[in-house]
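Student: Sending over a structure as structure tokens; questions will come in a sec.
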Amino acid sequence: MASQWRQDAPANLVELAIGKCLIAEMDDSRWTEIGLLTGTKERIYRHPRLLRSLRFGDDDYDGHVYDMVPVLLGAQETWGTSVPSQDIHARFPRLGMVADFIDLPAWLALNEPDLYGRLFVEDNVEATLPDGTVLSEAESAAVRLSIAEMRRQVERIRRDYGTDPEAAIGQAKELIESACKTILGITGDSDEKHDVPALVKQTLLHLGLDPTQAGAGPDERAAKRLLGGVASILNGAGELRNARGTGHGRSGADLVDASLARMAVGVVLPTVIYLIESWEAQADTPSAPAKEMSAAPVAGAGVGGMLRHETFGEGQILESTATRHGTVVVVDFGPRIGRRRILLRG
């Protein structure tokens, strides 16, 4: 869901974009809020002209805003200073904090689309996921089964897929364990050790899906090969996590290739869904997704509907505007967070 900063985003354009958004969006109370958030309230209040020029609508207000941008971002340098090229997150330690506060990607997509394209990656993490529908189905299954940990595991896969493949593979392996333990009725209080191959074997036998349970006819032979593939996929993901995923305190191990991470996560998710749906079918449990508990925002979501954000929680969509970079929605997250603009991609 979140837009990704370009690695080559120029620092001067970062400051320009944030300055433009601040000029358009800030009032007295918002300046106080961002000052408290960034620890710069005294700097803002002591500025001889910033708030005064805002209150009186003076022409020099824009320049004073640009003066404050590096201060808000925690930069050592001031506007216009020549410094060696470096990563923007290292140069601006509070960049993420400030950009989130002013909903920068959404504001740029609406008002400065060319600047947005220069600063943010057009194809974000979700665009490279195996299938957004598969992710949503996995999250819906976790909601139906009231398994909070499964839901968190899918959310972490969504978060880590593009930037931390080891973590994504680790979460995929843990998702397999959670699904199998749920189907087998194993509680968290059990002292018994369960590795992935044993869990997968027990789960497939429990569901009547183990290849040894297939008949001898042509259909049964095809089913046997498919079910053997299910076991191989789940066991292989567990082995990959042990070799290259997180959780074992490795040092110096080769990083997982991004294409391997995409393949591993991409096959684990639908396989886990298949196991859960098979279990629900045998238990005569309806498998329709709980729409009101949608775990991720969907581009094109209608006004009046609900949207869940991984940071802000759930809120109601008040406005929706299409841009060339996606759909910008205004969402009311309640009195504590208020209204925020969210850029939906896809």
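The values are calculated or read from the model by the stated rules, or taken from the named source; none is laboratory data. These numbers come from a predicted model, not from an experiment. Cβ placement follows ideal geometry from the backbone for every residue including glycine, while neighbour counts extend to all protein chains displayed. Heads up: the accessible areas ignore ligands, DNA and RNA and are worked out on the full protein's heavy atoms, side chains in. Shrake-Rupley method; radii C 1.70, N 1.55, O 1.52, S 1.80 Å.
Student: Given labels modelled 7 Å from the Cα in the Cβ direction, how far is it in nm from Ile23 to Glu239?
Tutor: Placing both labels 7 Å beyond Cα along the Cβ direction yields 6.0 nm.
Student: Of Met26, Met263, which has the most accessible area and how do the rest follow, probe 1.4 Å? Can you show the working numbers first?
Tutor: Working: Met26 15, Met263 105 Å².
Per-residue accessible area, sorted high to low, gives Met263, Met26.
Student: While we're looking at this one, here's another question. Working out 0.36 nm times the residue gap between Asp8 and Asp100, then minus their Cα-Cα distance, what length gain in nm do you get to one decimal?
Tutor: Using 0.36 nm per residue and subtracting the Cα-Cα distance, I get 31.1 nm.
Student: Moving on. Based on the Cβ-Cβ distance of Arg339 and Arg221, what FRET efficiency does E = 1/(1 + (r/R0)^6) give at R0 = 51 Å, to the nearest 0.05?
Tutor: 0.30
Student: Tell me, in nm to one decimal, what length is gained between Val121 and Glu314 on full extension, where the rule is 0.36 nm per residue of separation less the Cα-Cα distance?
Tutor: 66.9 nm
Student: For Ala322 and Leu205, what does the FRET efficiency come to when R0 = 51 Å and r is the distance between their Cβ atoms, rounded to the nearest 0.05?
Tutor: The formula returns an efficiency of 0.55 here.
Student: Taking K and R as +1 and D and E as -1, what net charge do the other residues with C-beta under 11 Å from the C-beta of Arg340 add up to?
Tutor: Once positives and negatives cancel, what remains is -1.
Student: Additional query: Under the Kirkwood approximation for Rh and a Cα-based Rg, what ratio Rg/Rh is obtained for the range 1-48?
Tutor: 1.06
Student: Fully extended, how many nm does the chain gain between Glu280 and Met263 (0.36 nm per residue separation, minus their Cα-Cα distance)?
Tutor: Gain in length upon complete extension: 3.5 nm.
Student: Could you tell me the calculated FRET efficiency between Asn111 and Glu42, based on Cβ-Cβ distance and R0 = 35 angstrom, to the nearest 0.05?
Tutor: Efficiency at R0 = 35 Å is approximately 0.70.
Student: In whole Hz and in residue order, list the ³J(HN,Hα) couplings for the range 25-35 that follow from phi through the Karplus curve 6.51 cos²θ - 1.76 cosθ + 1.60, θ = phi - 60°; x for Gly and Pro.
Tutor: Those phi angles translate into 10, 8, 10, 3, 5, 5, 5, 5, 4, 5, x Hz.
Student: If you don't mind, there's one more thing I want to ask. Over all alpha-carbon pairs in the range 21-68, figure out the percentage whose distance exceeds 18 Å.
Tutor: Here the tail beyond 18 Å accounts for 15 percent of pairs.
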